[in-house]
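Each remark here refers to the structure printed beneath this line.
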Amino acid sequence: MKSKKELEFLRSLEYQDLVNELRKTKKEYFDNKLKMNISPDFKPHILSLLRKKIARIKYFLSVKKNKEIKE
């Protein structure tokens, strides 16, 4: 299952790496959103996968931030 590997990868990243990953994923989402209007062979499921990835990254960012505050 791909999402388990992805979750483990995101858990292992540091806070700044998560911020960079979020920027990269948001750019990829934006590029695919533009591609949706241009390309006839666009696969719409990619957008939902990217939205879920963005949500996961934001979740781990909040967990890391709260963990740093408590320490």
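At a glance:
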| item | result |
| --- | --- |
| Selected residue (criterion: farthest from S3 (Cα to Cα)) from residues of region 16-64 that are aromatic (F, W, Y) and assigned to a helix (DSSP H, G or I) | F30 |
| Lone unmet requirement of (1) touching a Phe, Trp or Tyr at 6+ places or on another chain (Cβ under 9 Å); (2) surrounded by 12 or more Cβ atoms within 10 Å (Cβ to Cβ) for E68 | (2) |
| Test for K26: is it touching a residue at least 40 places away in the same chain (Cβ under 8 Å) and within 12 Å of the chain's Cα centre (by Cα) | no |
| The lone exception for L50 - which of (1) free of Cβ contacts under 8 Å to residues at least 12 places away in the same chain; (2) surrounded by 14 or more Cβ atoms within 10 Å (Cβ to Cβ); (3) under 10 Å from the mean Cα position of the chain (by Cα) it fails | (1) |
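Here's the yes/no breakdown for (1) of a type in the set (V, I, T); (2) in contact with a helix residue (DSSP H, G or I) (Cβ under 7 Å, 6 or more places away or on another chain); (3) modelled with pLDDT of 90 or more:
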| site | (1), (2), (3) |
| --- | --- |
| E21 | no, yes, yes |
| T25 | yes, yes, yes |
| E28 | no, yes, yes |
| R56 | no, yes, yes |
| N66 | no, no, no |
| K70 | no, no, no |
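The values are calculated or read from the model by the stated rules, or taken from the named source; none is laboratory data. Computed from a predicted structure; not experimentally measured. Note that each Cβ is placed from the backbone with ideal geometry, even for glycine, and that neighbours are counted across all protein chains shown.
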